[in-house]
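Every number here is computed from the coordinates shown, using simple stated rules; none is lab data. Keep in mind it's a predicted model, so treat the numbers as computed, not measured. Neighbour counts are summed over all protein chains in view; Cβ atoms, including those assigned to glycine, are modelled from backbone coordinates with ideal geometry.
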């Protein structure tokens, strides 16, 4: 239902491409309002009630905000800094910036003020949009330091009543201002719909910054439209999907798979009330398309396992019988082996008794298209969800390609590949093993960085920085980053990330850093998954009081040793991890050890844990590590931890 019913709006004409598709996201919005105006476009859960906007109402929201933003000084080529979780008003404001020929530049909500300047370097961002009071405070702190942003917009009014700072404006107030301007200026709505072109920037995102300052990555409207056209042609997207908008707004996955695909393919975009309620809200939505990172799928599997352990004896027995059979059957399907009548009947019964209820519990009962990407996924997790009947597939892409480059298709799924190139995408392998891509979704270059652009894009081909190879049937295999190809002291080439991903296939390992460049053997610093290992320990009556204590339990060290030993079986003799240490904490983005997208910053790790690394190679059985910590009041201290170093059994 609607708390306040927004007005309807339609526009008769919008810019189109030669192929007849809308040239911009705003043009697609106008098309939807004209052709599917009463269809639900956005749904947002607010105070437990789903609030809805039709496409006509969404267009009115966007154009009203665009008129208001223009009155506040946002102009073509400007950036609108956006910080906060998924909100309908935030999506409307992002599209409103597009209508002016400007572009949103979303920032991860957990970025500290000290780093915020790194994400406001381009597009003269004088206006910023914050979700709530917490983010407004951050922007005010930034303004005190730098003078920007001059205008701060906010969505959630809670706690904002006492703020008297200049230039703080609610989205509701801005919308009302814009609606008044629209009422006074006949024809302004149509003019705003037609102002931007395919050459305008649709969104400015940032690289992960694993090796330095994050690069600005401008995706133009023609990149977004072209990429989604390719994905639709490959049947990775379909029209009228039910989407679930929970991914970080600063990640390319949210802009492309949620907002871009949602608008271009006339989907319904469902937004949870807040991140804490996302799992509950997911069950109510039951999306037809669902995208999650491998770690999120791992967490989902852990939830199922924890739930079954706490369930009735009958349910546990059914689960323990049917799930191994389902995984075994899925292995046969992927191998192309014939499926007998008895196996089909058992699978049918399993769907009724086990698989269907689990999918309903997870909110994935209607997920016809489910994907994962960003890093390799564990075989156990992958087969579990496919065994349930969720047709999970892997895709490959980068921010520079709108995340749309290659993906698996049903009937041709392999555990070790990311599938074939999407329609309209060309892929080849350079002489040094680097993956090169060319398609309409590839950017022209980085923001204000001609040198980086010239290195990354050569003759229209994007140098992805990833190493890989193409199999005879066209499937692409991604091995890891080319820059991370290193050699041991014996001269054996390896990519640490390739080994790390396989260790992280275990649900018990959340992060790991493999060390070994220039050394005689490989070692590893392991961060356990606190939830999964904690549950494992509780079932075995192993007591613990903290992450640090749990990580050093002898049984947990044995558990991790077994995980690494299993991975070692598939590794050449000279590339097996010989020793490891369980870290007393997880790697943390606030400590600079990983990026906001959870990629390792190896230089920081090797510097911060230099003493630990030396102990791994000196033969010590234990090491006392002084860990720097920051308290809530900002003061810093040192906490000493004694960590055990283990040999990996052969």
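Roughly how tilted is helix 313-335, in degrees to the nearest 10 and between 0 and 90, from the longest Cα axis of the chain? The angle comes out at about 80 degrees. Here the peptides 201-208, 239-246, 136-143, 301-308 are ranked by packing, the mean other Cβ count within 10 Å, and the order with the highest first is 201-208, 239-246, 136-143, 301-308.
Measuring nothing but how far apart in sequence close Cα pairs (under 8 Å, 6+ apart) lie, relative to its length, the chain scores a relative contact order of 10 percent. Computed extension length for residue 538-residue 13: 182.7 nm, one decimal, from 0.36 nm per residue of separation with the Cα-Cα distance subtracted. Using only the Cα atoms of the range 485-647, build the gyration tensor, take square roots of its eigenvalues as a ≥ b ≥ c, and label the shape rounded, prolate or oblate: rounded if a/c is under 1.5, else prolate if a/b is larger than b/c, else oblate. It comes out oblate by the Cα gyration axes.
Provide the FRET efficiency to the nearest 0.05 for the residue 546-residue 455 pair, computing r from the beta carbons and using R0 = 51 Å. Intermediate values should be presented prior to the final figure.
Details: r = 45 Å, r/R0 = 0.89.
E between residue 546 and residue 455, to the nearest 0.05, is 0.65.
In this label model, residue 492 and residue 431 are separated by 2.8 nm, measuring between points 7 Å along each Cα→Cβ vector.
Alpha carbon centre of the range 433-492 versus the range 242-272: separation in Å? Between the Cα centre of the range 433-492 and that of the range 242-272, the gap is 27 Å.
Under the simplified labelling scheme, the residue 337-residue 416 pair shows an inter-label distance of 1.8 nm, with each label point 7 Å from Cα along Cα→Cβ. From its DSSP helices (H runs of at least four residues, each -39,500 (n - 2.57)), the chain gives a residue-normalised ellipticity at 222 nm of -10500 deg cm²/dmol.
Can you tell me the order of 369-379, 414-424, 77-87 when each peptide is scored by its average per-residue count of other Cβ atoms within 10 angstrom, highest first?
Details: 369-379: 20.5, 414-424: 18.8, 77-87: 23.1.
Ranking, from highest mean packing down: 77-87, 369-379, 414-424.
The range 5-34 and the range 525-550 have Cα centres lying 53 Å from one another. With respect to the chain, whose longest principal axis is taken over its alpha-carbon atoms, helix 530-539 is tilted by about 50°. Listed peptides 556-568, 334-346 appear in the order 556-568, 334-346 once ranked by packing, highest mean of other Cβ atoms within 10 Å at the front.
Computed from Cα positions, the angle between helix 88-99 and the longest principal axis of the chain comes to roughly 60 degrees. If you take the Cα centroid of the range 46-82 and the Cα centroid of the range 329-362, the two points sit 45 Å apart. Subtracting the Cα-Cα distance of residue 118 and residue 519 from their residue separation scaled by 0.36 nm leaves 140.9 nm. The candidate values were (1) 48; (2) 23; (3) 27; the one computed from these coordinates for percent of Cα pairs over 42 Å apart carries the label (3).
Using Cα-Cα distances under 8 Å and only pairs 6 or more residues apart, what relative contact order does the range 485-647 have, in percent?
On the way: 245 pairs, mean separation 31.7, N = 163.
RCO, the range 485-647: 19 percent.
Could you tell me which of rounded, prolate or oblate describes the range 436-565, using a ≥ b ≥ c as the square roots of the eigenvalues of the alpha-carbon gyration tensor, with rounded for a/c under 1.5 and, failing that, prolate when a/b is larger than b/c and oblate otherwise? Could the numbers behind the result be given before it?
Working: a/c = 2.55, a/b = 2.11, b/c = 1.21.
It is prolate, given that a/c is not under 1.5 and a/b is the larger ratio.
State whether the range 1-160 is rounded, prolate or oblate according to the following rule on the C-alpha gyration tensor (a ≥ b ≥ c being the square roots of its eigenvalues): a/c under 1.5 gives rounded; otherwise a/b larger than b/c gives prolate, and the remaining case gives oblate. It is oblate, given that a/c is not under 1.5 and a/b is not larger than b/c.
Multiplying the sequence separation of residue 296 and residue 199 by 0.36 nm and subtracting their Cα-Cα distance, what value in nm do you get? Provide the component values of the computation, followed by the final result.
On the way: separation 97, 0.36 × 97 = 34.92 nm, distance 3.49 nm.
This chain segment gains 31.4 nm when fully extended.
Here each label is just a point 7 Å from Cα along the line to Cβ, and for residue 621 and residue 150 those points are 6.8 nm apart.
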